[in-house]
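The values are calculated or read from the model by the stated rules, or taken from the named source; none is laboratory data. Since the model is a prediction, treat every value here as computed from it, not as a measurement. As a convention, Cβ positions derive from the backbone with ideal geometry for all residues, glycine included, and neighbour counts pool all protein chains shown.
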Amino acid sequence: MSDPYETTEQHLERLLRRALNSFDLPDSTVERLGTALAHSSSLHSSHHSSVLHRETYQHTYLLSDGTPLTLWELVHGGPRSATDPRFRTEPDLMHHELYDDEADAHVAAARLTGSFGEVPVFGDDGPQADLEILTVLMAAPPAPLPRMYAPDNSADHARRVLRRAENSDGPGEETARLLRAAFAHHITQVFGRQCRVDGRHAGFTLYEHAFLLLDGSETSLWEVEHTATPDGRHMCEVYGDEDTARGAMESRTRIC
């Protein structure tokens, strides 16, 4: 149910302001949301474990043209417990992500559950364990399943992946120009692991965004998502090849 004391405009402004990836929403979606007249919110799904609290909310807006538009909000953070306040996650430590496609929200939720679940972390079993996990980090991935390309506004997807990259050594304008000819794409999570960086936990996930171009050729972007930042915030880096992406993950662990 919606908050009866909050207008649709206020609700939408709050939603966009707190989302880590609001800049990733298509411009057309944001423009349409500007005509929202009413809204309704509900809990869609949730996951609770000893290391992860995750909830997905469905926010549906009625637009001035009479059509509905839905945003999917992913809220996640550390463990929460209604019975033991020592393990509650403070609201300002929760992270919010927004998606205008339910499938993208499911992928993001699976990323969290798979990458930040009950897995070994660097530093728990001494230097030898750290080196073993680092070996896994840099190991070649298993043979991938056959790609099932989906023609779904793939050029725009490539543009959004490149736009959210925060690293300065990522693919340049030549790659961006090449990907304007993408008409289908396939996303694969290649790696996911939680580790310890500078005495605190950080999560690493590596995705391959494979694109099928109009001339029948294929090319990929390699996206590293991690929280190995000074303030623990979520960061996205994009590279043109897998080796460079894995090297970037290795350097972020700061293990000698």
Yes or no: V190 β-branched (V, I, T) and touching a residue at least 60 places away in the same chain (Cβ under 8 Å)? no
Taking the stretch 24-66 as the region of interest, how many residues are within 19 Å of the chain's Cα centre (by Cα) and polar (S, T, N, Q)? 5
Is it true that S46 is surrounded by 16 or more Cβ atoms within 10 Å (Cβ to Cβ) and either modelled with pLDDT under 90 or not in a loop (DSSP other than H, G, I, E, B) (or both)? no
Assuming R80 fulfils every condition listed in (1) outside any strand (DSSP E or B); (2) surrounded by fewer than 15 Cβ atoms within 10 Å (Cβ to Cβ); (3) at pLDDT below 90 apart from one, which condition is it? (2)
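Can you tell me which of L206, L221, L162, L178 is over 18 Å from the mean Cα position of the chain (by Cα), in contact (Cβ under 8 Å) with a residue 12 or more places away in the chain and not assigned by TED's automatic domain parsing to the domain that holds M94? Give the derivation first.
Details: L206 fails: over 18 Å from the mean Cα position of the chain (by Cα); L221 fails: over 18 Å from the mean Cα position of the chain (by Cα); L162 fails: over 18 Å from the mean Cα position of the chain (by Cα).
Just one listed residue meets the conditions, L178.
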Using the structure shown, decide if T60 is β-branched (V, I, T) and assigned to a strand (DSSP E or B). yes
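Here is a yes/no grid of residues against (1) among the aliphatic types (A, V, I, L, M); (2) farther than 24 Å from F23 by Cβ; (3) assigned to a strand (DSSP E or B); (4) at pLDDT 85 or above:
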{"position": "P142", "(1), (2), (3), (4)": "no, yes, no, no"}
{"position": "H157", "(1), (2), (3), (4)": "no, no, no, yes"}
{"position": "H185", "(1), (2), (3), (4)": "no, no, yes, yes"}
{"position": "R193", "(1), (2), (3), (4)": "no, yes, yes, no"}
{"position": "A228", "(1), (2), (3), (4)": "yes, no, no, no"}
{"position": "G232", "(1), (2), (3), (4)": "no, no, no, no"}
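Go over the candidates T35, T67 one by one and state the one that is within 27 Å of A155 (Cα to Cα), at pLDDT 90 or above and among the polar types (S, T, N, Q).
Details: T67 fails: at pLDDT 90 or above.
Going through T35, T67 in turn, just one is within 27 Å of A155 (Cα to Cα), at pLDDT 90 or above and among the polar types (S, T, N, Q): T35.
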